[in-house]
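Just below is one structure, and these are the notes that go with it.
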Amino acid sequence: MRLARTCLLLATLALTACGSGQVKNVFPPRASIQQLTLQPDGHWKLQLRVQNFSNVSATYSRIEAKVSVAGQDAGMVTASTNLRIGPESADVLDAELTPSAAARQAVASLTAGNIAYKLAGRIVASDPKGDYTYTFQGDLSPVPGLPGVLR
């Protein structure tokens, strides 16, 4: 009986070792604003944080988002890239936006506290291939000592 159990255990271990290895879990990525910098010409420089929630590396080729700030439509931001992000990691890419007058005023008048923002768009991955829609809501606050910078 003991020999039979040992053989069964060894057979189970051998079959387990022949498995395909790590299971690839690909989850939708997400983008958020890591930093917004007001430019002298009225444009906004955005640092978009792109998060890869998958357990495999991914290459993102395009990020598009409709941006709203304080409930005001700010405009559309688009970034074409070849950004490769490791598993369960994030990276940042720069983009520019010409905001609407109402959104520009809402951000420019903020001296303390938070301002709500929303991104709604899509992220296109080239490897592994995918086209993901997403929505993200967050808050930005003025950075002390850095005029015109919100995080």
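We did not get these values from a lab; they are worked out from the coordinates using the rules stated. Just so it is clear, the model here is predicted, and its values are computed rather than measured. For neighbour counting, all protein chains shown are included, and Cβ atoms are generated from backbone atoms with ideal geometry for every residue, glycine included.
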Amide N proximity, the range 71-89 versus Ala101 label position 7 Å along Cα-to-Cβ, cut-off under 19 Å: 71-76
Separation of alpha-carbon centers, the range 55-85 and the range 101-151, rounded to whole Å: 10
Partner lysines for Lys45 [C-alpha distance under 23 Å; skip if fewer than 8 residues away on the same chain]: Lys66, Lys118
Relative contact order [Cα under 8 Å, 6+ residues apart], the range 25-138, whole percent: 31
Student exercise, the chain dipole from Lys, Arg, Asp, Glu Cβ charges, in Debye to nearest 20: 600
Label-reachable residues, the range 82-126, where backbone N falls under 19 Å from a point 7 Å from Gln22's Cα toward its Cβ: 84-91, 126
Anchor Lys129: lysines whose Cα lies under 18 Å away (excluding residues fewer than 8 positions away in-chain): Lys24
Derived scalar couplings ³J(HN,Hα) [the range 136-145; Karplus, 6.51 cos²θ - 1.76 cosθ + 1.60; whole Hz; x for Gly, Pro]: 9, 10, x, 10, 10, 10, x, 8, x, x
Contour excess over end-to-end distance, with Cα ends at Ala116 and Phe136 and 0.36 nm allotted per residue: 6.1 nm
